[in-house]
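Trainee: One structure follows; several queries about it will come next.
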Amino acid sequence: MQKISTMRRNGKNIFKGQLTIGLDLGDRFSAYCVLDEAGEIILEQKLPTTPEAMKQTLGKMPRSRIAMETGTHSPWVSRLLAALGHEVIVAHAQNVRLIVKSRRKDDRLDARTLARLARIDPELLSPVRHRSAQAQLHLTEIRARAGLVSARTALVNAARGLVKSYGERLRKCGTQQFRRETMSGLSAGLREALEPLLQEVESLNERIQEYDQRIERMAKERYPETALLKQVKGVGDLIATTYVLTIEDPHRFRKSRDAGCFVGLQPGRRNSGESEPQMHISKEGDEYLRTLLVQGAHYILGPLGKTVIYGAGDRSSPSEEGKTPRNERWLR
């Protein structure tokens, strides 16, 4: 194990006063930098990125402010350190420009930068809050299903492309309806060549259906609030459960509009002086949830989603005296 051993003080008790620690997480080893109240470096070392090493090293230190960047290991590390009594700040990795834009990328320097920013003002790190372990576990099932769907789409597209190179075509159908009967019109040689691929697609269809059943059961038993979201035609268990798990705590938003900003649906802003250009949406936040919301919107605005539009002077409603609104139409 490569160590960074830097000590600025002699003596047994070097951890006095309010400490600030910058922790640069790596896949195998993580670098950390400890600052005292005056901002002086008193310790710089590396430790394995394992729960045992974190407890052994950082669990012995007094309550400190620990800053780290978002990443693969940040959820469980932040929960572990918070359980040890530390104040944990998880910085938005893309917003810490002193690290992202730095031309001197080094684990030790990154840990120093995190510690100094956390000591001056934690808001400079654009802190985020990780979801709970239970919510992350349930969201893992949804993400695993998304991985299977992506693999199924890739296999189906590969089969269609391979068939076209022989001047033949597969029948049009959705990926979930992709069965052996789809290849009935192909030549015997192509059917034999693509048989293992088709078997894999059918196996993926079965696994995806199993995940759909688990998500439906999860939404009904663990997250009854999804029933409110499913009142909108085009929003099912998948979209509703993903939305609830991603938002997790709706009370952290001051206004309902902030939820749209949280998933990157608000317009970007680059105002300077009197110039206020119209920007596209920022596309920040959870990309998968944003994809599901767009899919739901396509269904609602498509031929299967019925939307009632009322004219400015039309105050009638479907339930008023049993009349039908004059301006009822389909949005396509």
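Trainee: Mind listing the long-range amide H neighbours of Glu69? Cut-off is under 5 Å, sequence gap 5 or more, other chains count too, H placed in the peptide plane at 1.01 Å from N.
Mentor: Residues meeting the amide H criterion: Leu25, Ala91.
Trainee: Something else now. Counting only heavy atoms of the protein chains, get the accessible area per residue of region 136-238 (1.4 Å probe) and round it to a whole Å² value.
Mentor: Working: 6370 Å² over 103 residues.
I get 62 Å² per residue for region 136-238.
Trainee: If you roll a 1.4 angstrom probe over the protein chains with everything in place, what fraction of the accessible area of the chain belongs to carbon and sulfur, to the nearest %? Please report the intermediate quantities before stating the final value.
Mentor: Details: 10200 of 20970 Å².
In the chain, the share of accessible area belonging to carbon and sulfur is 49 percent.
Trainee: If you stretched the chain out fully between Ala151 and Gln209, how much longer would it get, using 0.36 nm times the residue separation minus the C-alpha to C-alpha distance?
Mentor: Fully extending the segment from Ala151 to Gln209 adds 19.4 nm.
Trainee: Can you tell me the length gained on complete extension of the stretch Arg217 to Arg104, counting 0.36 nm per residue apart and subtracting the Cα distance?
Mentor: 35.7 nm
Trainee: Using r as the Cβ-Cβ distance of Ser165 and Ala188, and R0 as 25 Å, what FRET efficiency do you calculate, to the nearest 0.05? Display every interim value, and only then the final one.
Mentor: Numbers: r = 17 Å, r/R0 = 0.68.
My answer for the efficiency is 0.90.
Trainee: Under 14 Å Cα to Cα from Lys172, which aspartates and glutamates show up? Leave out anything in the same chain fewer than 8 places away.
Mentor: In chain and number order, the partners are Glu181.
Trainee: Hey, rough spin-label estimate for Cys261 and Glu87, points 7 angstrom out along Cα→Cβ, what's it come to in nanometres?
Mentor: With each label point 7 Å from Cα toward Cβ, the separation is 2.4 nm.
Trainee: What 222 nm value per residue comes from the helices of the chain, counting each DSSP H run with n ≥ 4 as -39,500 (n - 2.57) and dividing by all residues, nearest 500 deg cm²/dmol? Display every interim value, and only then the final one.
Mentor: Details: 10 runs with 138 residues, N = 332.
So the calculated ellipticity at 222 nm is -13500 deg cm²/dmol.
Trainee: Under 14 Å Cα-Cα from Lys220, which aspartates and glutamates qualify once same-chain neighbours fewer than 8 residues away are excluded?
Mentor: Asp212, Asp237
Trainee: Now for a different question. Holding the Cα-Cα limit at 27 Å, pick out from Lys16/Lys105; Lys230/Lys255; Lys233/Lys255 the pairs that are longer than that. Working shown, then result.
Mentor: Values: Lys16/Lys105 30 Å; Lys230/Lys255 21 Å; Lys233/Lys255 24 Å.
Listed pairs above 27 Å: Lys16/Lys105.
The values are calculated or read from the model by the stated rules, or taken from the named source; none is laboratory data. Note that this is a predicted model, so its numbers are computed, not measured. No Cβ is skipped: glycine too gets one built from the backbone with ideal geometry, and neighbour counts run over all protein chains shown. The area values use the complete protein model at the heavy-atom level, side chains included, leaving out ligands, DNA and RNA. Shrake-Rupley method; radii C 1.70, N 1.55, O 1.52, S 1.80 Å.
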